[in-house]
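A short reminder: the numbers here are calculations on the coordinates, not readings from a lab. From a predicted model like this one, the values you see are computed outputs, not experimental measurements. Here the Cβ positions follow ideal geometry from the backbone for every residue, glycine too, while neighbour counts run over all protein chains shown.
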Amino acid sequence: MKVERRTLWQIFRVPLVLGLLSLLGLISALVGDGGYDVLSWVTLGTPLAVGGWYWLRRQARSGR
Amino acid sequence: MNVKLWFLIHKWTSLICTVFLLMLCITGLPLIFHEEIEHEFGEQLVAPEMPADTPAANLDAVATAAKQQRPDDVIRYMFWDPANHPHQVLVIMASALDAPPDEANAVIVDERTAQVLDTPPPDEGFMHIMFKLHVDMFAGLPGMLFLGFMGLLFVVAIVSGVVLYAPFMRKLDFGVVRKQRSPRLKWLDVHNLLGVVTIVWALVVGFTGTINTLSQIVLYIWQQDQMAEMTAAYKDLPPPDQIGSVQAAKAVSLAAVPQQKLHLIAWPGTQFSSPHHYAVFLKGTTPVTSRLLQPALVDAVTGELTDTREMPWYVKTLFLSQPLHFGDYGGLPLKIIWTLLDILTIVVLGSGLYLWLGRKSTVARRVEEVKSGGLIEAVES
């Protein structure tokens, strides 16, 4: 079983993107209403959707 | 990197705060929707229908109506909340100006007719219990500060968790949840996945919660600092025997402050004012400016403006921490997202507890588990 070791960038790039999206969402709804609110729903909803999808999906292949 | 040290930090900060954080997450759920719940289940008080351009009554008449309703009480505050309670002024009265701060007898007056609409009893019931548990566990300021400290531990637990995420994920793809090996491995993966996607939200809600627990301390500092500066000329004067018109104070304040929406008027001698002033707190209309209250201090005898200043940074920080903690600033969809993120956080806390309780083991083995991406346990089971 040989699996290559991942770099910090490879490990954290997805969490980083999700974190930045969350931050954008938390701030945008404070800045204004209307479009800013919609932006916050989309950006804060993304980590939610990603977490939920990976958690609840049926496993395609058996675990490593 | 010292995985063992970070593991121990993560373990102990989590262990201390988890039970309280679970309580906060669960009691927080209904609180996200407190406006909707009160709207749906509470006795909904609606001011009578009148033409939309009906002007507001003289505030002195509003004050007189409240005093006639409760002749033995004094007025402490008037509140406005037109979004949720249009045309209503909430008058908060107490048996004396120096009665305990939580003594609050409410009289609701129609802003246009100065007629008393209702005298609601003190808060009780389910939502009040949830609120008190969430804010101070019925233990007053010490309880509040204790929960604030739990919030800080939660922040440390999150940060140390992120550090441990790196060695754990060295050989794993993002999002992997190994469901077939063992329950422990599955929940370890779920704990890591849900923890890492909720990091920023949990950090912000946790930290702003801690800031909110400092509200009484912030209020005290503001009184000693900016309020004392603004009212320095009155420092050695005895409190006035007779106070003048609150309507005049409102008019003077609206002329002096750019923000034009009334939020609160604090009577002289209350927590939010000096013994000599009406403190009129005004706010703006955008999501940010509607949180940043600005007080105008009006001499309660002469009716003249003494001073008005923007709040200092520490009060602004507190004001802006409130929406970021409550999630009430982006409509119903944001509240639903808040709820789901809260539920994911409950899963992270619960799975963390499960992983700790799960099996007797040594720290060395746990550290190996982190370093190997969970496989050391899976191989055995």
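Give the residues of segment B:28-69 that are among the acidic types (D, E) and more than 20 Å from the chain's Cα centre (by Cα), sorted by residue number. Talk me through it step by step, then tell me what you get.
Residues of segment B:28-69 among the acidic types (D, E): B:35-36, B:38, B:40, B:43, B:49, B:53, B:60.
Residues satisfying the conditions are B:E40, B:E43, B:E49, B:D53, B:D60.
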Note to self: Looking only at segment B:322-332, count every residue that is touching a Leu at 6+ places or on another chain (Cβ under 9 Å) and either assigned to a helix (DSSP H, G or I) or not hydroxyl-bearing (S, T, Y) (or both) and tell me the total.
What the structure shows: 6
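For segment B:244-261, does any single residue satisfy the condition of being within 14 Å of chain A (Cβ to nearest Cβ), of a type in the set (D, E, K, R) and either closer than 24 Å to B:P101 by Cα or free of Cβ contacts under 8 Å to residues at least 40 places away in the same chain (or both)? Walk me through it before giving the result.
Looking only at segment B:244-261, we keep the residues that are within 14 Å of chain A (Cβ to nearest Cβ), and these are none.
Checking segment B:244-261: not a single residue is within 14 Å of chain A (Cβ to nearest Cβ), of a type in the set (D, E, K, R) and either closer than 24 Å to B:P101 by Cα or free of Cβ contacts under 8 Å to residues at least 40 places away in the same chain (or both).
Could you count how many residues in segment B:293-315 are farther than 18 Å from B:A233 by Cα and either crowded, with 17+ Cβ neighbours inside 10 Å or in contact (Cβ under 8 Å) with a residue 60 or more places away in the chain (or both)?
To start, the set of residues in segment B:293-315 that are farther than 18 Å from B:A233 by Cα comprises B:293-294, B:310-315.
Now drop any that are not either crowded, with 17+ Cβ neighbours inside 10 Å or in contact (Cβ under 8 Å) with a residue 60 or more places away in the chain (or both), which leaves B:293-294, B:311-312, B:314-315.
Residues that pass the stated criteria total 6.
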Check: B:P101 passes all but one of (1) without any contact (Cβ under 8 Å) to a residue 40 or more places away in the chain; (2) exposed (fewer than 15 other Cβ atoms within 10 Å of the Cβ); (3) under 24 Å from the mean Cα position of the chain (by Cα); which number fails?
Finding: (1)
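This table checks each residue for (1) more than 14 Å from every other protein chain (Cβ to nearest Cβ); (2) among the aliphatic types (A, V, I, L, M).
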{"residue": "B:L297", "(1), (2)": "yes, yes"}
{"residue": "B:L320", "(1), (2)": "no, yes"}
{"residue": "B:G327", "(1), (2)": "no, no"}
{"residue": "B:W338", "(1), (2)": "no, no"}
{"residue": "B:D342", "(1), (2)": "no, no"}
{"residue": "B:I346", "(1), (2)": "no, yes"}
{"residue": "B:G374", "(1), (2)": "no, no"}
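Give the number of residues within segment A:11-37 that are among the β-branched types (V, I, T) and closer than 16 Å to B:W338 by Cβ.
Going residue by residue through segment A:11-37, those that are among the β-branched types (V, I, T) are A:11, A:14, A:17, A:27, A:31.
If we keep only those that are closer than 16 Å to B:W338 by Cβ too, we end up with A:27.
The qualifying residues number 1.
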Note to self: Would you confirm whether or not segment B:180-197 contains a residue that is out of contact with any Gly (no Cβ under 7 Å at 6 or more places or on another chain), outside any helix (DSSP H, G or I), within 11 Å of chain A (Cβ to nearest Cβ) and more than 24 Å from A:T43 (Cβ to Cβ)?
What the structure shows: yes
Notebook entry, point to check: Of all residues in segment B:63-98 being touching a helix residue (DSSP H, G or I) at 6+ places or on another chain (Cβ under 8 Å) and crowded, with 19+ Cβ neighbours inside 10 Å, which is nearest to B:G269 (Cα to Cα)?
Noted result: B:I75
Next item on the list: State all residues of segment A:1-40 that are among the hydroxyl-bearing types (S, T, Y) and within 7 Å of chain B (Cβ to nearest Cβ); if no residue qualifies, say none.
Entry: A:S22, A:S40
